[in-house]
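Worksheet for the structure shown next.
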Amino acid sequence: MTENDLAQLHIDKSQFSEKSSLKKRCGWLLFLMMAIACTGYLYRRGLLTPAIEVQIASVQRIFPSQTFTVLNASGYVVAQRKAAVAAKITGRLIYLAVEEGSHVRKGEVIARLENEDTTAAKHEAEAALAAARHRLEQAVAELDDATLAYHRSQKLAADGYIALSELDSATARFRRARAGVEVGRSDMANSKAALDAADVALGYSYIRAPFDAVVLTKNADIGDIVTPLGAAANAKAAVVNLADMRSLQVEVDVSESNIEKVHQGQPCEIYLDALPDERMSGRVHMIVPTADRTKASIMVKIAFKHLNPAILPEMSAKVAFLSHAVQENEKQPVTAVPDAAVLHRDGRTWVYKITGNRAIAVPIHTGRRLNGLDEILSGPTAGDKVVMSPGSRIRSGDVIKIAP
């Protein structure tokens with residue numbers, strides 16, 4: 001190889017320089033893309049702009065009556081007409097016709113005690129009455145015969161056909177017969193009274209419903225000894241407990257400091273824990289004219305306007321005392337938001353709904369004004385959070401933080 005050939009030998013570095021420049025450009029482009037992504041992420045998280053401190057409120061699902069409620073109280077459903085039905089005599093229970101939940105009518109026999117002795121006494125009184133009746137009939141027949149003889153003797157004595165002594169005998173017989181009839185009638189009345197007493201005694205063995213009612217509890221069973229006082233060992237007093245379901249009312253305690261907000265006949269709304277989706281109309285039936293010194297409260301009784309068969313005694317109840325009666329268009333729940341959260345501008349109405357950590361303008365259509373609340377016909381749903389009193393300091397998309 002000659003020196004000229006050696007001189008011509010060298011390394012071409014232009015290719016390496018172009019590759020290095022391409023890598024640098026790709027690196028800068030990747031860095032720029034990562035910076036843009038990071039900036040977008042930080043912007044979305046609100047870390048690049050200062051957060052605006054706001055108060056928030058919830059969109060609620062409410063009944064219109066909640067906006068004109070003057071007082072709330074809680075209590076229980078209580079039957080105003082109830083009875084613990086017991087026997088008037090002591091005896092063994094041999095028949096029971098009812099159980100819990102049975103409907104009974106006034107006078108219906110619901111239980112019976114053993115009554116063989118009183119039944120026999122009644123039969124004896126019936127026989128005595130029958131005998132007294134026959135004796136009275138005999139006395140009446142004797143009186144009829146004596147009366148005829150007396151009148152006949154009077155006529156014959158007046159005509160001189162018989163002696164006066166025979167007239168005296170006829171007169172005495174007539175008076176004895178008449179007295180015998182009176183004795184027979186008294187005997188008849190006495191026998192009838194004895195039969196009535198025996199019938200009453202027999203009736204004591206039958207336990208009857210005192211009024212139309214429903215059986216709440218059954219306290220005795222066949223074979224138990226039932227006594228009026230229940231003092232004997234293992235003896236039962238009340239056989240069943242009854243309640244008239246038409247007399248159900250809610251009894252609540254109202255504090256003395258709030259009793260001036262309640263008045264007779266005041267409209268109320270009743271809702272039971274057992275029927276959470278139903279609000280029932282009622283009215284103040286009575287303010288009991290005495291206070292409970294231990295609780296500093298006064299009992300108020302609220303009557304149902306319409307009774308629901310699902311309402312049972314001793315159910316827990318809450319009562320809202322209203323400023324006026326619920327109208328027909330106020331019975332269904334509505335979606336509402338505080339009117340301080342609603343903005344009206346340029347013929348548009350909207351609220352700032354909180355999405356993540358941003359306030360987003362959401363258009364709404366409003367309905368009735370409900371004592372500081374606006375009914376929402378379309379827009380956010382119940383449970384959504386909105387900004388209170390946003391004014392002009394907030395724009396849609398602004399980052400917000402909730403004030404403590």
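The values are calculated or read from the model by the stated rules, or taken from the named source; none is laboratory data. Since the model is a prediction, treat every value here as computed from it, not as a measurement. Counting neighbours? That spans all protein chains shown, and the Cβs are built from the backbone with ideal geometry, glycine included.
For the range 108-153: of the residues being in contact with a Phe, Trp or Tyr (Cβ under 7 Å, 6 or more places away or on another chain) and not in a helix (DSSP H, G or I), which is farthest from R173 (Cα to Cα)? The residue in question is A111. Of all residues in the range 170-195, none that is under 11 Å from A128 (Cα atoms) has its Cβ atom under 9 Å from the Cβ atom of a residue that is outside any helix (DSSP H, G or I), 6 or more apart or on another chain.
Pairs meeting the criteria (first residue in the range 275-288 and under 15 Å from P309 (Cα atoms), second residue aromatic (F, W, Y) and not in a strand (DSSP E or B), beta carbons under 7 Å, at least 6 apart or on different chains) are R279/F63. For the criterion of being under 20 Å from V54 (Cα atoms), in contact with a Gly (Cβ under 8 Å, 6 or more places away or on another chain) and at pLDDT below 85, D398 fails. For the range 269-321, a tally of residues being over 16 Å from the mean Cα position of the chain (by Cα) and more than 16 Å from K331 (Cα to Cα) returns 14.
Selection within the range 57-74: residues that are in contact with a helix residue (DSSP H, G or I) (Cβ under 8 Å, 6 or more places away or on another chain) and closer than 22 Å to Q266 by Cα. The member of this set that is surrounded by the most Cβ atoms within 10 Å (Cβ to Cβ) is S65.
In the set (1) under 25 Å from A213 (Cα atoms); (2) without any contact (Cβ under 8 Å) to a residue 12 or more places away in the chain, R246 fails one condition alone, (2). Within the option set A194, A177, A170, being crowded, with 18+ Cβ neighbours inside 10 Å, among the small types (G, A, S), assigned to a helix (DSSP H, G or I) and in contact with a Phe, Trp or Tyr (Cβ under 6 Å, 6 or more places away or on another chain) holds for one residue only, A170. Taken together, V250, V288 contain a single residue that is outside the structural domain of R105 (by TED's automatic domain parsing), crowded, with 17+ Cβ neighbours inside 10 Å and at negative phi, which is V250. Comparison of D187, D221 shows that the only residue that is surrounded by 18 or more Cβ atoms within 10 Å (Cβ to Cβ) and acidic (D, E) is D187.
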